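Worksheet: one structure, shown below.
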Amino acid sequence: EINDKINTRLLKQLSSKFGDTSDWKDILDKDETLLKPIIQVDDKYYCFLLPHLIRNAFLILENALLTNGFDVSKYSIKKGKYFENKAVDLFANMIQADSSYKGLFYKIVEEGVEKKPEIDGIITKGRNLLLIEVKGKNRRDLGGHKNILTVLEGDVKKSITEAFEQTKRTYEYVSKNKSSQFFDSKDNAIL
């Protein structure tokens with residue numbers, strides 16, 4: 001039921017009507033109900049699959065931002081930083097860390113080229129370091145794919161592999177040098 005607590009503009013943006021998916025021919029076709037899980041019938045609104053709405057909340061909100069003219073690049077950067085910082089904070093709290101650092105850079109030379117890679121987080125506990133790398137890729141639209149589980153599995157493996165390789169590079173930098181330095185984005189030595 002519509003009431004004064006419901007933003008009707010947002011509700012209309014999240015709603016579809018019967019006939020909106022007239023070009024939908026096959027169960028694996030791209031389906032607008034992924035981003036518009038609420039069905040409008042006359043002046044009433046129905047959400048038959050509440051778990052679908054909740055599971056896709058981030059995707060729905062991101063789509064709403066994009067279709068309303070928000071700067072995608074700024075949003076993606078802020079979202080990424082939020083999840084990186086949250087991961088470091090959660091792990092640091094969980095192991096009762098001595099200290100934690102976020103978004104540090106270090107200088108290396110690979111194949112004769114100077115590089116400045118970033119590590120999302122470093123946590124110290126005694127003489128131990130916990131290296132953290134976060135990947136926050138958007139979930140792909142899987143409409144039209146015949147084997148959705150294979151696609152999802154490939155995406156997850158790719159994200160884990162990328163994070164592992166970045167963390168491995170940081171580990172090798174620390175273990176191969178008697179002294180390792182990490183800097184903030186303004187080149188100030190932090191650790």
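The values are calculated or read from the model by the stated rules, or taken from the named source; none is laboratory data. Predicted model only: the values in this text are computed from it and were never measured. Don't worry about glycine lacking a Cβ; one is built from the backbone with ideal geometry, like all the others, and counts go over all protein chains shown. Calculation scope for accessible area: heavy atoms of the full protein, side chains included, ligands and nucleic acids excluded. Shrake-Rupley method; radii C 1.70, N 1.55, O 1.52, S 1.80 Å.
Considering segment 59-91, the residues that are of a type in the set (Phe, Trp, Tyr) and touching a residue at least 12 places away in the same chain (Cβ under 8 Å) include one that is least open to solvent (accessible area, probe 1.4 Å), namely Tyr75.
Among residues of segment 92-103 being among the polar types (S, T, N, Q) and on the phi < 0 side of the Ramachandran plot, the one that is most open to solvent (accessible area, probe 1.4 Å) is Asn93. Annotation: of all residues in segment 34-92 being under 13 Å from the mean Cα position of the chain (by Cα) and of a type in the set (Asp, Glu), the one that is modelled with the lowest pLDDT is Glu62. Which of the residues belonging to segment 106-122 are over 21 Å from the mean Cα position of the chain (by Cα), open to solvent by less than 70 Å² (accessible area, probe 1.4 Å) and modelled with pLDDT of 95 or more? Passing the criteria: only Tyr106.
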